[in-house]
1. Residues of the range 383-418 being outside any strand (DSSP E or B) and small (G, A, S), which ones?
2. Could you check the range 52-65 and list, in sequence order, the residues that are polar (S, T, N, Q) and under 15 Å from W142 (Cα atoms)?
3. So, in the range 186-233, of the ones that are within 18 Å of the chain's Cα centre (by Cα) and part of a strand (DSSP E or B), which residue ends up nearest to L288 (Cα to Cα)?
4. For the range 212-221, does any single residue satisfy the condition of being within 24 Å of Q415 (Cβ to Cβ), modelled with pLDDT under 90 and surrounded by fewer than 15 Cβ atoms within 10 Å (Cβ to Cβ)?
5. For E202, are the conditions met, namely being in contact with a strand residue (DSSP E or B) (Cβ under 6 Å, 6 or more places away or on another chain), crowded, with 19+ Cβ neighbours inside 10 Å, assigned by TED's automatic domain parsing to the domain that holds H235 and within 30 Å of E224 (Cα to Cα)?
6. Here are R330, R358: which of them is in a helix (DSSP H, G or I), in contact with a Leu (Cβ under 9 Å, 6 or more places away or on another chain) and over 26 Å from R396 (Cβ atoms)?
7. Are any residues in the range 298-327 in contact (Cβ under 8 Å) with a residue 40 or more places away in the chain and within 17 Å of D340 (Cα to Cα), and if so, which ones?
8. Name the residue, out of S132, S109, S127, that is touching a Phe, Trp or Tyr at 6+ places or on another chain (Cβ under 8 Å) and either surrounded by 17 or more Cβ atoms within 10 Å (Cβ to Cβ) or of a type in the set (S, T, N, Q) (or both).
Amino acid sequence: MTQNLDLTDIQGNIIKAYGAFNFTKARYLFLRIDNGERGRNFVGAVTTKVTSAVRWDKNSKPSATTNIGFTFSGLQALELPTASLLGFPEAFAMGMKKRKDILGDDGPSDPIHWDKIWQETAHIWLSINGQSTQAVDERYQWILKQIEASDGGVTLLTGHRGESDENDLPYQDASVLYDADGNPTPKEHFGYTDGIGDPVFEGQTNTQARVLGRGKLTRSGQWEPLATGEFLLGHVDEAMEYPQTAPAPKLLAHNGTYMVYRKLHENVGSFNRFLDEQSETYSGSKELLAAKFSGRWRDNGAPVVIAPDDASKAEWDKYYAAADFAGKKRMLIDFSYNNDIDGAKCPISAHIRRINPRGSLEYGVKDAFERPGALVDRRRILRRGLPYGEVKDATRDDGIHGIVFMALNADINRQFEFVQQQWINYANDFKEGNDKEVLLGNHDAENPGKVVFQVAKDSGEPPHFVNNIPRLVETRGGDYFFIPSITALKMIAGGIVDPT
């Protein structure tokens, strides 16, 4: 089915992953609304610069983009009608802090340890993505002028953690990481190649090659785009339904979505020590072990399920080096776990397998459901964001470095929260009890976790146990935001949201 979307009405960050378009720098701002009318005027001014999803050519591509979203309390401060506010789902209305038990934000990830800014109430999220630091700063200066022009309507919140004693910064910067020659890379601070297999939905692309490995898997082994309604409100989802909970009027929700914003600190020193310690008893190379944690090899993102050992990785690399651009993309994303149900090649605890099981939850029961992804397709999320900071000492956990993670989905509870709670921090769906995913799991220092790397049944080798997993990633802040359509932004700014 072909889905035609009004790209002029959809905010650009929903359709586009800006990093793939050479927007290598980003800056995220959070504001408080102090006066409803003046706050709406500010939203109206910013809306004139909000980047839509209209496709770019070489002459129309901007130097910087701007997008905006609101917390539930922000919509209250903008004085939306009560009848409209009552239509928003519970998870969004509660906000991230109050969902900490569901998300596993405990211990060092507890909100009491988050950056100072998250001890306040944020109402507005503003993002700037730029092709250069200069382009980002120019748009930032323009936004500062709009804040000043609001005459007390909005306040830019400070309190982002920075280097040394700079713990009261007015924005969160983010950037791609660069190699030794100054070239941009798709890496993050643990060294993994990131951002390879983001989902594709109907209306997002007309290129079939982009759907391979990124859509939903059919019985025939083909890939199709996911239903638009999994990511955009006002459209039919995989259940052939519209959202059960949505704000009125319909135009307020239509072409909007929900965004999960999480600042995730990476404990690089702990990761490196853990990898060194565990590799001492592992039969393969240290890089193979790191690949088993993630599901992809660190150097080029090769899928472990296709290259499950050092020898097969060497062969994979030969074919990859000889492939053209399209061939390389296909080798990276066109795979499933159907021939690895037991996880002998790619561990079931591996990061990319936990967040997208690719239909493998049938566990070998032929045609158990109408389609292999029946238990998977309604849990997909669009991932946005960039790394932040610089690792200055790879033996230490302190420092300011990690990932600004942003997830877009039509249902925060059914999609992001389910994956976080049930697939990352719990594993019953994978028949692994409460074994957490290695990289993102909220591992407890007092009761260290473990995972098991299975082996082929006829190998004669014992499974490998990975023990004493430390907490490798800590939450440093975040919240839930509603990303309205351009139409809805104009309605909000004009104070003409009418739910009757």
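1. Step one: of the range 383-418, the residues outside any strand (DSSP E or B) are 390-400, 410-418.
Hits for the range 383-418 are A394, G399, A410.
2. Residues of the range 52-65 that are polar (S, T, N, Q), as a first pass: 52, 59-60, 63, 65.
Result: S63, T65.
3. Per the stated criteria, the residue is T193.
4. yes
5. Numbers: in contact with a strand residue (DSSP E or B) (Cβ under 6 Å, 6 or more places away or on another chain): no; crowded, with 19+ Cβ neighbours inside 10 Å: yes; assigned by TED's automatic domain parsing to the domain that holds H235: yes; within 30 Å of E224 (Cα to Cα): yes.
Taking the combined requirement at face value, the residue does not satisfy it.
6. Details: R358 fails: in a helix (DSSP H, G or I).
None of the other options fit; the residue is R330.
7. Within the range 298-327, P303, V304, V305 meet the criteria.
8. Result of the check over S132, S109, S127: S127.
The values are calculated or read from the model by the stated rules, or taken from the named source; none is laboratory data. These numbers come from a predicted model, not from an experiment. With ideal geometry, Cβ positions are generated from the backbone for all residues, glycine too; neighbour counts draw on all protein chains shown.
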